Every structure is written in C-alpha cells, then in structure tokens.
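*Asks:* This is the structure I want to talk about, given as structure tokens.
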Amino acid sequence: MTDYKGIKGDRVEYIASDPTLTSAEEGQVWYNSTSGTLKSLVQLKAWSAAGNLPVAKNEAASDGTSTAGWIAGGSNTPAANTGTTATDEYSGYTWTAGGNLNTARTLTGGSGFGTQTAAAVAGGATQPAGGPTRTTLTATEEYNGTSWTSVTGLPTATFAAAQCGIQTAGLSFGGTAGYGNPTFNTALEYDGTNWTSGGNLNTAAAYQAAGIQTAALGVRSNSSSDKNTEAYNGSTWTAVANINTVRNQIVGFGTQTLATIAGGFTAGPGSPQFTETEQWDGTAWSISPATLGTATRTGMGIGTVGGGTSGLLAGGFQTDYLANTQEFNSTIFSPATGAWASGGSLTTARSSAGGAGTQTAALAFGGYTGAVSNTTEEYNGTSWGPGGNLSTARTGLGGCGTQTAGLGFGGYTTTSVNNTEEYDGSAWTSGGNLGTARYTLGSAGTQTAGLAFAGFTYPGPNTTSTEEYDGSTWAAGGSMANARRDLAGVGIQTSAIAIGGNPGSSPYATAISEEYDGSTWTAGGNLGTARYRLAGSGSSNSSALAFGGNSPPSRNATEEYDGSAWTSASPLTTGRIALRGAGTQTVAIGFGGSVPPFSGATEEWSGPQTTATASNLTTT
C-alpha cells in the first residue's frame, strides 16, 4: 500500500470534526476521529437528468457547453426515416427552438463544432442508414445564434465525420462516403472560409471528437473490435492509449487532456446499449464510477468547447428515439445545481387550490377535483394529512401565510367571491371580505399582512386592483400596470412580485413581471418562458422561483429571479398547470395541478449548493 507520509512528507491529520471545506482543500486527506473515517475532498462525478428535447431524435450535429449547447438536424421521424432542419438551443436546463438549417440532414458521430452563437455543420446525409434514397453531403452551414448561412462545402461528400473546434478554426476527420463505402483517414481544417487538408489519421474510421483544431482527440466509434484513440497536434495524428470497452456509436465531449465518452452498444441484433462512462486524463482511459441513467447510442454530445468537467448527452436511441437529456458534472460541490425531488402525494388530486407555508409545513386548501372543494391538507415534509375544512368551498383562490396561520381569500363557487378565511392550524374562521370579488388572482404575504392582486372578476374583466390585509380588513393598494389572471405571486406585502399570467387575449400567456414595494407596482424582468396557470415561491421581489404553467411544451419549466432577471433552472419532473407552490427560492414545494387529469404530485425544490462535500476513503 502506498505510504502517504512518504509521498506528502506529512502524516494524515487526525481531527475531531471535518474542516470547513472550500476549493482550497481539494485533494486534502484527514482522519475524522469522531466518525472513525478517513476522508478527502475529491471531485464528485455523476450523471443527472436535465430538460427533455422538444422532440425525440438522434444522429444530429451538436456542440457548445453544458449551459449553452446546440443541436441541429438529426432524425426524428422513424416511419419516414428522413433528416430534419430543426435547431434546438440549451440554456443549462431547458431547450428552445433556434433557426432552421437550410439543408435537412443526419450526421452520425460527433459532428458539428462551435458555440451556440457561432456554430458550424458540415457534411452528413439526407437520410439515416436504411433510407431508400440517401445522399451524402458536402454542404457546410454557419450559425450566428439566429440563422444558418450556407458557406464553402467540404471537398468530399462525407457522412459520420468527427468534428471539433470553433467556427473559425474547425476540424473534420474520418467518416465515410456512405454506408457500404470505405471509411476515410483524411482530416480537413476549416478557417471560417475554406477547407484545407490536414494530417491523415493512422486508421481510417468513424470517430468521436474532442478538443480543438490544433489539439484534438479522436476515439474510434464504429468498431466491434478496435478500441483505438488518436491525438492531433495540428499536423500529425499519434496513436495513444485505447479505451477499455469496445463499443459502437458512443457519445463524447471534452478536451484533448480531459475527455468523456459514454453509451454505445456492441454489434449484433438485440445488442444492449451501455451506461458505462470512461474518462481520459491526457494519458489513459479509466472507467468512471458515474454511469448514465438511461443507456443509449447515437445520441448527441455537448461540451467539446466546455472545458471537460461538464457535458451533455442528449437524445439518442434505445428501442426507439429518445428525448431525454443527461448532464455530466465533475465537481467538489454537491449538488452543484438546483433540482426537484418527489415528495408525498396529496390525498386528493386537485388543481387551482390555495397554498401557503414552507417545504416541511405546507398547506393546500380548496381547489377543483371535478367539483369545487373545501378540503384542506397539511404537509409535514413527508406526507399530507387532513386539516380543517374551509367554510366556503371554492377554486382559484389566493393563499398566503403559514400552516398554523394561513389566509385564504377570493375564489370561485358559481361566481367570483370575496370571502376571506383565516386558519389557525386546525380550523378556518371568517375574516374581512375583499373589496373586489375575484378568482385566479395573485397573492403574497402573511395572515396579518396579506396581499391580493389582479385576477378575474366573473363574468369579467381581468382587474389591476391590489388590496392589502391587516389581519381584519382589506384596503386598496397601488394598481398594477397590467390586468391579468392565472398569474403567480410571491413575497411579502411590502416586497412582492407578480409573475406571468393571462391578459385575456391571444396569445394568452405573458412573460411580464411586476414588483410591488408596498405602494407602487413597477416593471420587473420578463420570464424566459411566457406562461399562465403557473406557481411560485419566494421571500421577496428579489428572490423568487416560478415553475410549471400553461405554455406547451414548457409545462415543467422552472426559472429563478434575482431582482432583475429570470434564469432557467432544473425543470419539474412532472409538467403541469394550475399547481400551487410554497416556500422560498432555495427551499420550495410544488403540489397538485393538472397534467391533465388532476394531479396529486408533490415535488420538493432544493436550490444549488456551494458547500463542498467530503468523501470517505476506503482500501478498495
């Protein structure tokens, strides 16, 4: 066994508790005498689920980073077996449509290079393998973040080439003129205008690419027997260490000194796909402890320009095309990004309920279950249990406060109502009535300092009215700039935010936010995804979370607000509309809603952590 003292010159430190960990402690080793464990701060490597592609597909061009990736072309129609022109852009959590390619194509392998706002696609085929009239292409296109432009084509029509680099310094190597044709050993370099010959590969094949034009890595990706890897220095290819597991149609990303490959399959009918991941450290490949959540092949890798510590595997094929995105991270922080996790389901599935409380002490009341409801449920962080019934059954009501000091107001019975009820942890009692009867309104605050705003005054119209509650009566507050309903509201009476909603006319979903300071509403930052019938949580107008809502295909979209701008966050597992939320921006809960049908699903949000996590060391 290696002698730590002999290498480091020091004995392992014995301490009673773990030190406060930061990146400065990475690689440090200590013995925790209280727990009896040898510990170290090391990189944690794992795959996690991210936002789904809008359409399941495989064999597309792709590149960028794990927070600004892109995919173009590919195959998403098994019956027709044709290529597409679609471009999808990744924000770090969700996918949105970009500009279409001029030429539809599929591009098996690690094709495509560049960033989300300066990308390039070269070659490919008009149809994937097995198509009746496939044509291999020379066509090259450049992307500026909005639209694709046709530029100088490849000298030779090429399918399944590996590509890497940036838009003004790209590299394309290997591939084939088409199925049934020999593979190429040639490499081509792109300067943003023209293609010129580079050094030849030692082995003609289809490869998966990583790195840049002058420091590239090619990993054999179409072999049932060979495992070779080659490295390029801008003029010459050199054979380097082999991968550990032979496989076809892998996905890869990274740099010449820090690369990751994953997935693939062994040749032959019925061959299983792999979840195995391997990593390259510049000298050798090692099998990573991180494994894919979903085994796949012919997917799209993203992260060649991302530095090697993070990347994506999007789409691919298993027994059918896949839409899922899997994200790889190597970090000392755990978790590095926020995420939703399943909680206990509501006893009664419902939409448009009132909500209040925190992640571990939440309140759900009223709503619609197929009929207007008066039931209340209380959440303890694990499961929902019964609470006292509302005096007036209703749906689309506002809610705020805590589990033991809640407030419910407005809503709909057979018309909009102005009733207010106060909850003490076991029973509801009447409070002062709203001045304006309304439902699907925004709400914020506490039982003794509540806020009601916007909403629908049946039979209409939407209102801009704001009212403030002092524990017994409602009084007029400042009017909103934008009348709407089906919006989310969070915060307190003197620092609230109104999020999204339905203005009452096409296209119905809005992205606008307004901030309230206790007297006046002012414009806030716009949501990235316009929507209505969404939920929210947060403590103020500078710390909010918005999730779910009616804006297909984004019913699971989550966004965070910092007081000026909304940014995408990890999506809900179950996309839905008319759900309710409670808690803060970093510790929240979302429950109920409609998928459709009515949902009892509960999800708990944990925001991104910046606390380093130590690992136990063993003798294995």
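*Asks:* At 1.002 mPa s and 20 °C, plugging the Kirkwood radius over alpha-carbon pairs of the chain into Stokes-Einstein gives what diffusion coefficient in µm²/s?
*Replies:* On the way: Rh = 26.4 Å.
Rounded to a whole number, D works out at 81 µm²/s.
*Asks:* Right, another one. Would any residue of region 513-544 have its amide N under 19 Å from a label point 7 Å out along Cα→Cβ of residue 475? List them or say none.
*Replies:* Zone members listed by number: 516-521.
*Asks:* I've got another one for you. What is the ratio of the Cα radius of gyration of region 352-606 to 2.2 N^0.38 Å, with N the residue count, to two decimals? Could the numbers behind the result be given before it?
*Replies:* Numbers: Rg = 15.7 Å, N = 255, 2.2 N^0.38 = 18.1 Å.
This ratio for region 352-606 stands at 0.87.
*Asks:* Given contacts defined as C-alpha pairs under 8 Å and at least six residues apart, what's the relative contact order of region 46-337, whole-number percent?
*Replies:* Details: 997 pairs, mean separation 51.2, N = 292.
Relative contact order for region 46-337 comes out at 18 percent.
*Asks:* Another question, then. Per DSSP H run of at least 4 residues, take -39500 (n - 2.57); add these up for the chain, divide by its residues and hand me the 222 nm value, nearest 500 deg cm²/dmol.
*Replies:* Working: 1 runs with 5 residues, N = 620.
Computed ellipticity for the chain at 222 nm equals 0 deg cm²/dmol.
*Asks:* Can you compute the modelled spin-label distance between residue 360 and residue 266, with each label point 7 Å from Cα toward Cβ, in nm?
*Replies:* 4.9
*Asks:* Using a basic spin-label model with each label point 7 Å from the Cα along Cα→Cβ, how many nm lie between residue 562 and residue 147?
*Replies:* Taking the simple label geometry, residue 562 and residue 147 are separated by 3.3 nm.
*Asks:* Quick one: net charge of residue 349's neighbours, Cβ under 13 Å, K/R +1, D/E -1?
*Replies:* +2
*Asks:* Provide the gained length on full extension for the span residue 448 to residue 100, in nm with one decimal, where the gain is 0.36 nm per separating residue minus the Cα-Cα distance.
*Replies:* Details: separation 348, 0.36 × 348 = 125.28 nm, distance 5.34 nm.
Here the segment from residue 448 to residue 100 would lengthen by 119.9 nm.
*Asks:* While we're on this one: May I ask for the net charge around residue 168, where only other residues with Cβ less than 13 Å from the Cβ of residue 168 are counted and Lys, Arg are +1 while Asp, Glu are -1? Write out the running numbers ahead of the final one.
*Replies:* Numbers: positive: none; negative: 142, 189, 191.
For residues surrounding residue 168, the net value is -3.
Values quoted throughout were computed directly from the atomic coordinates according to the rules given, and no laboratory measurement underlies them. None of these values were measured; they are calculated from a predicted model. Positions of Cβ are backbone-derived with ideal geometry, glycine not excepted, and every protein chain shown enters the neighbour counts.
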